[in-house]
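Below you'll find the structure, written out as structure tokens, and then a few comments.
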Amino acid sequence: MDQYIGKYLDDRYEILEEIGSGGMAVVYKARCHRLNRLVAVKILRPNMMLDDDIRRRFHTESQAVAMLSSPNIVSVYDVGQFEGADYIVMELIEGITLKEYMQKRGGVLDWREALHFTTQIMQALRHAHSRGIVHRDIKPQNIMVLRDGSVKVADFGIARIMDSQKTLTTEAFGSVHYVSPEQAKGLSVDARSDIYSAGIVLYEMLTGQLPFDGDTPVSIALQHINSTPKPPRELNPRVPVGMEQICKQCMCARLELRYADAKLVLKDLEEFRRNPQIVFPYADPWDPKTKASDCSPNTDHPQPAAPVSSVRTVSQTEQSVGDGELEFENTAALEAYEDQQRKKARIIYTCAIVAIVGVIIAICFMLYQNFLEDILDTGDVYEVPSLSGMTVDEAKELIATELGGHFEVVISSTQYDDSVEAGDIISQTPSHGSTTKSDLTTISVVVSSGVLEDDSIYMPNLLRKDYRTAEAELENDYGVVVSYGDRVYSDIIDEGLIVSTDPVSGSVLEEGQSVILYVSKGPEVRAVTMPNLVGMDRDEAEEALESIGLTLGDCVTVAGSRTAGEIIYQSVKYGSEADPGTVVHVQISDGSLSSGNSTDTDTESTESSDTSSADSSSGQTATTPVYEILIPLHTSEEDTGTTPTVSVSINGEVILNMTYSADATQASTVYSGEISDIIVLVDGVQTNVFTCEDISE
């Protein structure tokens, strides 16, 4: 058994189970008993603890990252040591890595989804870089995808710990696919290194492939330095041009051509989001002939010497000549142009003045809120009292008799504590010494439950356990009553396994207590709209179905008036909703009923035509043919007792749609006119078991 599972770090973090491991640390799921929440605890491996420099860096970097506050960065709560082991406490993420997400989606993501993820990654990088922290190990394995579609970047700053180990060993094999050229050379890195790695993550999302691969880490690292990958659009033509440009600019090997910071990347991502057809005025950064002046990410979209496209449209009265000067056809055109420029300048100046005034107003408001309000406000100020060590009744009496009733006490939770007597207050919020101007301030307190009894029983950790096994264990071993909450969808926990419990793992249980289990329904199945397959050939239908997660089933060739090879029937109705994985059966026309082919029907039509011609020549009126269609019912023992529905379509028109009784043996209908195409369906399935007889005579 793992040496840490079941132990308490600093009498606060109870280690529950191992949830991951890496080359330098092992990650555990734990419970913080002080705040009663689940957390992730990363503990350095023993071989890492032997290096004093690594331990020092571990603490320094972790404390720096703990100062970060971004919705797209995994939060660090605490840093400490336990029995010589260094650890950090982080936010516990319920989700999967971006690498696992891409694998579940088949490798290639839609560019819209890639844009969504990349924007959040860049927001995390912008926040960290603004505080002087460089990640150094951006890769899909370090990016978590949550259930709501948001992402969080993990392990910020921790990669610096490994800087002293410059050799690209087998342990670095996973990261070297995303390493920047300057990292591969062993040079110092800055924010642009993270942008390069994020560019490779974007490349992988768009193409389903890594830009460089090889047998050894060294061979891959050399490719980052010396080689140029295939453009994303060459591997996936559906990638928009603007998205490819952003990707290239991010993962450009030449530092002077790469984006200087994440803010510039976010600016281009936002422009692209607003207009996916945009083509940025950048020269190709992967072209060795491109100069920094042609394509500099440090400036605000300069015009390249040989741009792919121009965002600005030149009017008919001006022409671009020489090095960018404008030549006009006449003086009137020049005056019109200058007047237009003056109007633009006035608009810009006006907007600038409005913006400056707005900033001044905002600053004044902030100063008032944070400083002047307290100075100018002459209202009474009350100091929060210290309630630690008192009982709740004693605290209430103190407030009522000595503090004028300006506070109220509310118990937020109870907690076992062998150093505080049962019923006494352990801690309070707000803390002692803080001040308030409110006439009534609520003080939330944590009350001691005393010493934990040795014979107490605790709620076990049932996450990802089969609910039937868990129910038997709880009722037989713990003597509690099990009930179930509503089943929930989960992309990461299989159907039938437990997602959560109430009470949570680690809670004290009493005999006869009610315990609620919440069980996974598996991933949510999202229905898709069935396309119209009629008129397609087999390959086209198969491709159309696979693109939306459906499967082509049986392909039966039947008589039909459409061109041979075209689909004339599909088992799932066009426009209806179908679950992913649904099998769609089709019937394909053999072309035998199309004009020009010799069939019995055509022969009858020809004979009828010849007869009509003969009758006409003899002065008689032509006779319109009349056909009787007979469809046998209950042709097998399996059909006995059913009430079949029969549909007959002739020349594209439905002439019969009726449900017959269980004892009916035959369905019939009559049609007057020429027949070029006939389709008979029994319970929605096309059949050729019918007769069509000319009864004109």
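Since every read-out is calculated from the coordinates, none of them should be taken as a lab result. Not measured: the values here are computed from a predicted model. As a convention, Cβ positions derive from the backbone with ideal geometry for all residues, glycine included, and neighbour counts pool all protein chains shown.
Tabulated results
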{"read-out": "Beta bridges by DSSP in the range 488-602, antiparallel share as percent, to the nearest 5", "value": "55 percent"}
{"read-out": "Added length on full extension, which subtracts the Cα-Cα distance from 0.36 nm per residue, His432 to Glu270", "value": "53.7 nm"}
{"read-out": "Antiparallel DSSP beta bridges within the range 482-552, percent to nearest 5", "value": "50 percent"}
{"read-out": "Distance between modelled label sites at Lys396 and Arg131, nm, 7 Å Cα→Cβ extension", "value": "4.2 nm"}
{"read-out": "Label-to-label distance, nm, for residues given as Thr469 and Leu222 (7 Å Cα→Cβ offset)", "value": "4.9 nm"}
{"read-out": "Förster-model FRET efficiency, 25 Å R0, Gln3 and His59, C-beta, rounded to 0.05", "value": "0.70"}
{"read-out": "Label-point separation, Ile457 to Arg346 (7 Å along Cα→Cβ), nm", "value": "8.4 nm"}
{"read-out": "Charge dipole (debye, nearest 20) of the range 382-441; +1 at Cβ of Lys and Arg, -1 at Cβ of Asp and Glu", "value": "280 debye"}
{"read-out": "Flagged links, alpha-carbon separation over 19 Å, of Lys521/Lys573; Lys29/Lys465; Lys139/Lys291", "value": "Lys521/Lys573; Lys139/Lys291"}
{"read-out": "Phi-based couplings in Hz for the range 66-71 (Karplus 6.51, -1.76, 1.60; Gly and Pro marked x)", "value": "4, 7, 6, 9, 9, x"}
{"read-out": "Efficiency of FRET from Cβ geometry, Glu18 and Tyr489, R₀ 35 Å, rounded to 0.05", "value": "0.85"}
{"read-out": "Surrounding net charge for Tyr87, when Lys and Arg each add one and Asp and Glu each subtract one, Cβ distance under 12 Å", "value": "+1"}
